[in-house]
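Written out below as structure tokens is the structure these notes cover.
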Amino acid sequence: MAREYCYKFQKIKPVILFIYEYRCYICGLQNSRNHVHHWNENPGDNGALNLIVLCSVHHKMIHGKIVISEMNYTPAQAHLLWLLDKFWEVVG
């Protein structure tokens, strides 16, 4: 499982950063060093809709049990994330 997780996450991570324009989901800080976080805290769930971009400050806060109750996507983001999941079903 660990190898499959690592492979998919490393392949999908730059695409997630691109879709979110490298912007933190919470504060909007745009930085190429921002992190990709598993929204549901399950590192085995690499579905595109489960991955969000966070700056280092908010990533620490999230792991400190600050909760994002629901995700909001722009229509374009939602469509690209859905396409990414469909693509991964085919090539994964």
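The values are calculated or read from the model by the stated rules, or taken from the named source; none is laboratory data. Just so you know, these numbers come straight off a predicted model, no measurement behind them. For neighbour counting, all protein chains shown are included, and Cβ atoms are generated from backbone atoms with ideal geometry for every residue, glycine included. SASA here: full protein model, heavy atoms, side chains in, ligands and nucleic acids out. Shrake-Rupley method; radii C 1.70, N 1.55, O 1.52, S 1.80 Å.
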Exercise. How much net charge surrounds Cys24 when only other residues with a Cβ under 13 Å from its Cβ are counted (Lys, Arg +1; Asp, Glu -1)?
Worked result: +2
Exercise. Lys11: which lysines have alpha carbons under 25 Å from its alpha carbon, excluding same-chain residues fewer than 8 sequence positions away?
Worked result: Lys60, Lys86
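Per residue, what accessible area does the stretch 38-92 have, given a 1.4 Å probe and all protein chains present, in Å²? Don't skip to the answer; put the middle values down first.
Details: 3430 Å² over 55 residues.
Normalised by residue count, the accessible surface of the stretch 38-92 is 62 Å².
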Seminar exercise, completed: Per DSSP, the loop-located trypsin sites (Lys or Arg not before Pro) within the stretch 12-71 having at most 12 other beta carbons within 10 Å are Arg33, Lys65
Exercise. How large, in percent, is the carbon and sulfur part of the accessible surface of the chain at a probe radius of 1.4 Å?
Worked result: 60 percent
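Normalised radius of gyration for the chain, please: alpha carbon Rg relative to 2.2 N^0.38 Å, two decimal places. Numbers along the way, then the final one.
Values: Rg = 12.7 Å, N = 92, 2.2 N^0.38 = 12.3 Å.
The reported ratio for this selection is 1.03.
Calculate the dipole size of the chain relative to its Cα centre from +1 charges on Lys and Arg beta carbons and -1 charges on Asp and Glu beta carbons; express the result in debye to the nearest 20. Can you show the working numbers first?
Values: 9 positive and 7 negative charges, 65 e Å.
Computed about the Cα centre, the dipole is about 320 debye.
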